[in-house]
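Here's the structure we're looking at; comments come further down.
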Amino acid sequence: MNKVILLHKRPVGKPALSDFKFAIEEDPVADEGELLLKTLYVSVDPYLRGRMSDSKSYVPPFQLNKPIQSGIIAEVIRSNHTDFKIGNFVSGNLEWKEYQISVGSGLTKINDSADNLSKYLGILGMTGLTAYCGLTEIGDPKAGETIVVSGAAGAVGSVVGQIGKILGCRVVGITGADEKVDLLKSKFHFDQAINYKTAGNLKEAIGNACPAGVDVYFDNVGGEISDAVLANINKYARIPLCGAISLYNETKPPVGPRIQSVLLVKSSLMRGFIVSDFSDKFPAAIKQLASWLKEGKLTYAETIVEGFDHIPQAFLDLFEGKNEGKMIVKI
Ligand code: NDP
């Protein structure tokens, strides 16, 4: 029998385990032109929170009592499809099921060994692409400039900071734990890192860490942390607006400082983006990320949780900051 995870209720505020439901279905069987996939690794991502609500966005909401979907790496264990063989590894936006049927559309083959697959959900997958495209296309950093990144020890943030260093910038990270501050400096070679939970006056702390001001702010979190960074931007600053995790569980979004005057007097650009906006850049971006990885210029962290039953908890833990680097569930 096949285990499946469904959306049981639409969360109000912070999501909870009771918003998910485990179900059992008959073992799926692949017909002509179909594949049977075995789930190996599941990506849990903050954006899934948005899809759990019934609001219009860039992707349709999940449906109640239907399986949740996310980035998944799977193995082909039966194939009635000419393009795929048993033993192929694939990635795609798939359902939270132990086994599932696919007709092959939307799947990408992964030519790598079985113990090397999880990175295709992170550094060589969606979050690596988000970091690369958001920073280079909108942030447009120049050597010698100062980049600040929030959510710095997470999947996207840790890659943004490292790319900033490769491009010759001064990089300052903002994160929520002292161990993550250490990780940013030791493993990812950030110049400075700030714990927003203990820094006190964050605006001042950022000012001290960025004596020449902030030229690029890669915003992963929004809210008060971003207010404090915006108070330190230089003229012509660029602000890729990647995420706003601090606001995703708010039932009534808080009102902060109005930012128009800041952007106006600093002649600055703030631009929201969805990684798929840059899909034409993906092949070149993956090539560059893979080459930096091979050369040892780029590294990555993963928090791997084991077991299909733990997928919902791993997702909830993103909102508690329990991950370093990419949060992944190994089945
Ligand atoms: P992360 O790996 O960064 O995980 C989430 C992290 O967010 C946590 O570890 C935690 O770190 C931090 N966090 C949680 N709650 C809060 C809060 N209230 N205030 C501040 N920080 C908080 O996730 P990703 O790297 O996958 O995603 C980072 C951001 O980028 C998210 O906002 C996500 O939605 C967005 N995103 C956008 C994409 C796009 O196409 N625009 C694509 C992918 C991601 P800490 O301990 O430091 O608080």
From phi via Karplus (6.51, -1.76, 1.60), per-residue ³J(HN,Hα) for region 76-88 in Hz, x at Gly/Pro = 6, 10, 9, 9, 10, 10, 5, 7, 10, 10, 4, x, 5
ask   = What ranking do 230-239, 143-152, 296-305 get when scored by the average of other Cβ atoms within 10 Å per residue, highest first?
value = 143-152, 230-239, 296-305
note = So ASP83 and LEU64, fully extended at 0.36 nm per residue minus their Cα-Cα distance, gain in nm 3.5 nm
remark   = A chain fully extended from LYS3 to ASP27 at 0.36 nm per residue, minus the present Cα-Cα distance, gains in nm 7.7 nm
Calculated [θ] (222 nm, deg cm²/dmol) that DSSP helices of n ≥ 4 give over the chain, each run adding -39,500 (n - 2.57) = -6500 deg cm²/dmol
query = Dipole of the chain (Lys/Arg Cβ +1, Asp/Glu Cβ -1, origin at the Cα centre): which of LEU264, LEU247, GLY161 lies farthest to the positive side?
reply = LEU264
Folded to 0 to 90 degrees: helix 155-166 orientation relative to the chain principal axis, Cα = 50
key: Residues of the chain: accessible area per residue with a 1.4 Å probe, Å²   = 47
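On the protein heavy atoms, probe 1.4 angstrom, tell me the percent of accessible surface of region 1-84 carried by carbon and sulfur. Present the calculation step by step, with values, prior to reporting the outcome.
Numbers: 2200 of 4270 Å².
Carbon-and-sulfur percentage of accessible area, whole number: 52.
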ask   = So what are the ³J(HN,Hα) numbers for region 270-284, from phi and the Karplus equation (6.51, -1.76, 1.60; θ = phi - 60°), rounded to whole Hz, Gly and Pro as x?
value = 10, 9, x, 8, 10, 3, 5, 4, 10, 4, 5, 8, 4, x, 5
query = To the nearest 0.05, what FRET efficiency results for ASP178 and SER53 with a Förster distance of 30 Å applied to their C-beta separation?
reply = 0.35
ask   = Of the accessible area of region 203-244, with the probe set at 1.4 angstrom, what percent is carbon plus sulfur?
value = 50
query = On the accessible surface of region 111-178, probed at 1.4 Å, how many percent belong to carbon and sulfur atoms?
reply = 47
query = When the label point is put 7 Å from the Cα of ARG258 along its Cα-to-beta-carbon vector, which residues of region 218-238 have a backbone N closer than 20 Å?
reply = 223-224, 226-233
task = Rounded to the nearest Å, what's the spacing between the alpha carbon centres of region 100-173 and region 3-34? Just the number, please.
result = 28
query = Across region 69-75, in residue order, what do the Karplus-derived ³J(HN,Hα) couplings come to in whole Hz, using 6.51 cos²θ - 1.76 cosθ + 1.60 with θ = phi - 60° and x for Gly and Pro?
reply = 10, 7, x, 9, 9, 9, 10
query = Which lysines have a Cα less than 29 Å from the Cα of LYS197, not counting those fewer than 8 places away in the same chain?
reply = LYS14, LYS165, LYS180, LYS185, LYS187, LYS235, LYS252, LYS266, LYS322, LYS326
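Semi-axes of the equivalent ellipsoid for the chain, please: Cα gyration tensor eigenvalues, times 5, square-rooted, ordered largest first, whole Å.
Details: eigenvalues 257, 100, 58 Å².
So the equivalent ellipsoid measures 36, 22, 17 Å along its semi-axes.
The values are calculated or read from the model by the stated rules, or taken from the named source; none is laboratory data. Remember, predicted model here, so these are calculated numbers, not experimental data. All Cβ positions, even for glycine, are placed from backbone atoms using ideal geometry, and neighbour counts span all protein chains on display. Ligands, DNA and RNA are stripped out before the accessible areas are found, and what is left, the full protein with its side chains, is counted by its heavy atoms. Shrake-Rupley method; radii C 1.70, N 1.55, O 1.52, S 1.80 Å.
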